[in-house]
Amino acid sequence: MKKLFAVLGLALNQLFSLDLHGIETMTGWENLQSGAVSISWCTYDNFPISRAETVLNHSIDRISMAIQDLDHYPDIFDRVTKTNRLETDVVQIVLDMPFPFDGRDYIVKYNIENLDDHWVFVFTAVDHPKGILDPDHVRLPNAAGIWILTALEPNKTKVIYAWNGELLGNFPDFGLTRAWVTQGTEVLNWLDEELTKRNNS
């Protein structure tokens, strides 16, 4: 019976979770940063959605392999301290935050859509009984995001990474836009650095 309730809970959670599939048709974007990594944000379903975009000199296959390698996120993205795989497609991700802010944590179910020159990795928050919250961390119950990769050339790929910018906890609202710029830039730069390292190894 407990297992049945857990399955029903996951299903209901999926019905009401934030879905960012429509990121490329959303309007009202406010630009926060231009340059090699562009950052913008808009409001969608009453949530602040942040978007980072760049072009990386790596193949779509190599980039997609790194993005779906969630078990090794702590080796790729510096702010990820650990990941716990709760099911085949459900992962708990724990993040470090700059002092004096508490760490953040979220549990997401993800899905991959793979076309010839277009690859999508979308994730949405779910509840899971095995996702134990660490002390001094804040759970992000509305976490959601999407990666969209578009092949431009054999070794050149447009990368869009968008996420729910809500941080909750003790993080002040006036610092959100700066945090989004930092997060988007760091994530795409760390991804590029990891891929370059793998290419040279």
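Each reported figure results from applying straightforward, stated rules to the coordinates on display, with no laboratory input. The structure displayed is predicted, hence computed values, not measured ones. Neighbour counts run over all protein chains shown; Cβ positions are idealised from the backbone, glycine included.
Take K82 and L152, extend 7 Å from each Cα along the Cα→Cβ direction, and tell me the distance between the two endpoints in nm.
Between K82 and L152, the label points sit 3.9 nm apart.
Please list, in order along region 82-97, the HN-Hα scalar couplings obtained from phi with the Karplus expression 6.51 cos²θ - 1.76 cosθ + 1.60 (θ = phi - 60°), rounded to whole Hz, x for Gly and Pro.
6, 10, 10, 7, 8, 8, 3, 10, 10, 9, 9, 10, 10, 10, 8, 10
I need the peptides 48-59, 132-143 ranked by packing, meaning the mean over residues of other C-beta atoms within 10 angstrom, with the highest value on top. Numbers along the way, then the final one.
Details: 48-59: 20.1, 132-143: 14.8.
Most protected by this proxy first, the peptides run 48-59, 132-143.
For the chain, what is the relative contact order in percent, using Cα pairs closer than 8 Å and at least 6 residues apart in sequence?
25 percent
Radius of gyration and Dmax for region 71-166's Cα atoms, expressed in Å?
Final numbers for Rg and Dmax: 14.7, 46 Å.
Need the full-extension length gain, C42 to Q68, defined as separation in residues times 0.36 nm minus the C-alpha distance. One decimal, nm.
Extra length from C42 to Q68 when fully extended: 6.8 nm.
Given that just one value was derived from the coordinates, which of (1) 28, 19, 16; (2) 33, 21, 15; (3) 26, 20, 18 is semi-axes √(5λ) of the Cα gyration tensor in Å?
Checked against the structure: label (3).
Points 7 angstrom from Cα along the Cβ direction at K197 and D75: gap in nanometres?
0.9 nm
Taking K and R as +1 and D and E as -1, what net charge do the other residues with C-beta under 12 Å from the C-beta of I107 add up to? Provide the component values of the computation, followed by the final result.
Numbers: positive: R85, R104, K109, K130, R139; negative: E87, D89, D105, D127.
Result for the neighbourhood of I107: +1.
Sticking with the crude label model, points 7 Å out along Cα→Cβ, report the distance from E186 to H118 in nm, one decimal please.
Distance between the two pseudo-spin positions: 3.2 nm.
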